[in-house]
1. Once you put a point 7 Å from the Cα of A:Glu29 and another 7 Å from the Cα of A:Glu243, both along the Cβ direction, what distance in nm separates them?
2. Compute the angle between helix A:245-269 and the longest alpha-carbon principal axis of chain A, please, reported from 0 to 90 degrees and rounded to the nearest 10.
3. Would you tally the net charge around A:Phe22, using a Cβ to Cβ cut-off of less than 14 Å, leaving A:Phe22 out, and scoring K and R as +1, D and E as -1?
4. State which entries of A:Lys185/A:Lys256; A:Lys130/B:Lys153; A:Lys43/B:Lys160 exceed 28 angstrom in Cα-Cα distance in the structure shown.
5. Within the stretch B:191-218, find all residues whose amide N lies under 13 Å from a label point positioned 7 Å from the Cα of B:Ile111 along Cα-to-beta-carbon.
6. Give the calculated FRET efficiency between A:Gln265 and B:Arg255 to the nearest 0.05, with a Förster radius of 51 Å applied to their Cβ-Cβ distance.
7. With 10 angstrom as the radius, rank A:Asp216, A:Asp122, B:Asp152 by how many other C-beta atoms surround their C-beta, starting from the fewest.
8. Looking at the square roots a ≥ b ≥ c of the eigenvalues of the Cα gyration tensor of the stretch B:1-47, which shape do they give, rounded for a/c under 1.5, prolate if a/b is larger than b/c, or oblate?
Amino acid sequence: MQTDNKPATETVVAVNNLTKKFNAPMTGEEFVVLDSISLNVDKGHFASIVGPSGCGKSTLLNIIAGIETHDPSDGGTLEVFSHSDAEQPRVGYVFQNARLLNWLTVEDNMTFALQSQKISKDLWKERVDKYLEMVGLEGQQKNYPLNLSGGMQQRVAIARALAIEPDILLMDEPFSHLDEITARKMRFDLMEILMHAKPTILFVTHDLGEAVFLADHIYMMSTKPAKIFKHIEVDVPRPRKPEDPVIFDLEKKLVKEFFSVLDEQLLEDG
Amino acid sequence: MSEKATAIAIRIGSIIVLLFLWYFMSIAMADPEILPAPMAIFNAIIRILINPGPEGKSAYFHVGITLGRTFATFGVAMVLGIAIGLAMGLRKVIEHSMLSLIPLMLTMPTILMVFLAVMWFGFNEIGSLVAVVGVVVPYVAVNIFQGAQAMDKSLIDMAKTFRADRNMLIKKVYIPQLLPYIFSAFRFAFGMTWKIVALAETFGIKFGIGYMFFFWFEQFSMEMVLGWIIMFVILMLILEHGVFARLEHAAFKWRPANKLQT
């Protein structure tokens, strides 16, 4: 599903009418997990998919990352374009849990990703130092993950994904397992990183406030099957503040809209 | 007294109590040919260590032979066991065929396995190797298979999104997750291996400590038989707890609460 021919535009991820079906293991009954999803992520943009838990958002990210497959006969296309010299597009993935290799030091966890991506060894040290500093963990190179707090482990995971300088950085509810104070701090720091490194991000969350605060583009997704029912552009320059009235009003408006759609769905389902 | 000091005192105390019980039993029985006193055994060990034994072979020669056999057969058994365990984790066909064979092997009495091995393959190095492989490999394979099943799939997915190749996956993701299982198999398998080697030697393989057990058994010298056994058990305790426990500690230094357990 991934190609390396460069498009004329600055598109990094192009999803067109993507449908994914899934057969229940016991009954063989067919489920539609993703229902003609279309979205575009352009270079340097921050796109966010907001939807209720279990709606299939992670499935979409997994297909982009290549750890789940998309059967072309289900319909639709999904393309990821490389904007670097790499043969294949580089995908960085930050999961809900840090998913670090606990037996390797912080530095070795990062070089694991760099080596996997066949990035020249000469660049490793520079990349590790640069991105560890960016996530606020300078000096932690030789430490082991289990000596770090959950928030710090997630920072390492973000540094690891950034270090490969990915064409697309996928983030799957990366702050949902953290306490709210830590999560809030992480969001501010991510904003800071966005202003410096300008990565292209596809960020999945169930938290509309988080999406409005961080994203340029918001795709709102309903559940069963997952369908995108609205696409909004958030045209507010960074740095943003959560208490900024523009952000706050937009969040209120979207929450209202979001729940009216979900409630409607609930009623239909009986 | 700290908790640790108390624990050590109890450990040492229990050995002293055992020695006293032994001492009183030997006095009560008053038959040194059946149960010599602890001091007699201690003297026997000194004699074993100082004097050249039968055929002019010293204790160090026999211990060297047994250790050599133990390490060689142990190495072969570990490699085979790990390979089979991994293959079981990776291929359903191998998993199911092994899961019907392994219980058979594990249920077979060890002594019988050793006996059959030397009967079929001779009272030589091959016989002892087959005995060790037959007993130890099924155990190691089952342990590694359990480790392979407990592997964290989310880490494998993570590695795949970064496009880690097979070599990286095996070295950095699979093996470190298997290591605790490898170590637990390692400790147990080593204990089994030297006992099997000693047993095979007792059955008649030339030289080694088992050979000496049997030699002194035929001479009706309980002192020397017990002297050899106790000497060898102490040596193996030192190896298992002194050497292997430290290796294990070094391998798991990434665990925050990794205290040395001996």
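1. 5.0 nm
2. Between the helix axis and the principal axis of chain A, the angle is about 50 degrees.
3. -3
4. From A:Lys185/A:Lys256; A:Lys130/B:Lys153; A:Lys43/B:Lys160, over 28 Å: A:Lys130/B:Lys153.
5. B:199-200, B:203
6. 0.60
7. Values: A:Asp216 19, A:Asp122 7, B:Asp152 13.
Lowest count first: A:Asp122, B:Asp152, A:Asp216.
8. oblate
All of the numbers you see were taken from the coordinates with simple rules; none came from a lab. Bear in mind that the values here come from a model prediction, so they are computed numbers and not experimental data. So basically every Cβ, Gly included, is an ideal-geometry build from the backbone, and we count neighbours across all protein chains shown.
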